[in-house]
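These notes concern the structure reproduced below.
The values are calculated or read from the model by the stated rules, or taken from the named source; none is laboratory data. Given the structure is predicted, the values throughout are model-derived calculations rather than measurements. As a convention, Cβ positions derive from the backbone with ideal geometry for all residues, glycine included, and neighbour counts pool all protein chains shown. When the accessible area is computed, the model is the full protein with side chains, heavy atoms only, and any ligands, DNA or RNA have been set aside. Shrake-Rupley method; radii C 1.70, N 1.55, O 1.52, S 1.80 Å.
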Amino acid sequence: MSETPESNPFTSPGSDDEKPSQELSSIPAPMAVAMLLGYLLMLLQVGEFVLIGDHQSSNQFTLLVGALLSLFITSGLIARNGPTWAVARFYFCFHGWMAVGFAVMAFSLGQHHLAIWSGLAQATFCLCIFLALGRPAVRKYHQLECPQCHEINAGGDDLLCLQRRCRKCGFRW
């Protein structure tokens, strides 16, 4: 009689000939870049808050509020739904335009060069985040893919993408 070989608990469940999975994470690369840039933007704002110190006590707390908003909105991108994606896109677009306005205002009023560069750096971060969140892989991650025709779009019927409609086939979900 032949005996069945004993199963080895230390072997892998797949065979050694299988190719390893190419996917390292379920988070798409553009979203990981957007989150990294969001956290770097928050660190920049906290650094400016510390750098200003007691010089302008009324203006320094706006940087802290901006840093907290950047932290919460960037951390919220982990949620896989359309409203968090929409809030993040709108916030970073708005923040970018405000940073450009701040840099222009600082330049026109002859403020310190650090204020101008700060506004331009924040605007650059926000633009890169805004563009990264618009990539198809990020839209698919945030469930902005039509379940009927599988077109990846963000055609929301409302501002926060709570009710979505496909631009291609008109299906609502």
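Brief remarks follow.
- Verdict on residue 137 being out of contact with any Asp or Glu (no Cβ under 8 Å at 6 or more places or on another chain) and either at positive phi or modelled with pLDDT under 80 (or both): no
- Any chance residue 129 is over 16 Å from residue 34 (Cβ atoms) and open to solvent by less than 60 Å² (accessible area, probe 1.4 Å): no
- Residue 53 meets each of the listed conditions (1) open to solvent by 40 Å² or more (accessible area, probe 1.4 Å); (2) modelled with pLDDT under 90 apart from (1).
- Residue satisfying all of: in the range 27-51; touching a residue at least 60 places away in the same chain (Cβ under 8 Å) and of a type in the set (Val, Ile, Thr); farthest from residue 72 (Cα to Cα) among these: 27
- If you check 148, 143 for being among the polar types (S, T, N, Q), assigned to a loop (DSSP other than H, G, I, E, B) and surrounded by 14 or more Cβ atoms within 10 Å (Cβ to Cβ), only one passes: 143.
- Within the range 66-101, the set of residues being among the aromatic types (Phe, Trp, Tyr), over 21 Å from residue 173 (Cα atoms) and crowded, with 17+ Cβ neighbours inside 10 Å comprises 91, 92.
- Against the test of being over 17 Å from the mean Cα position of the chain (by Cα), small (Gly, Ala, Ser) and either at pLDDT 65 or above or assigned to a loop (DSSP other than H, G, I, E, B) (or both), the options 21, 26 yield a single qualifying residue, 21.
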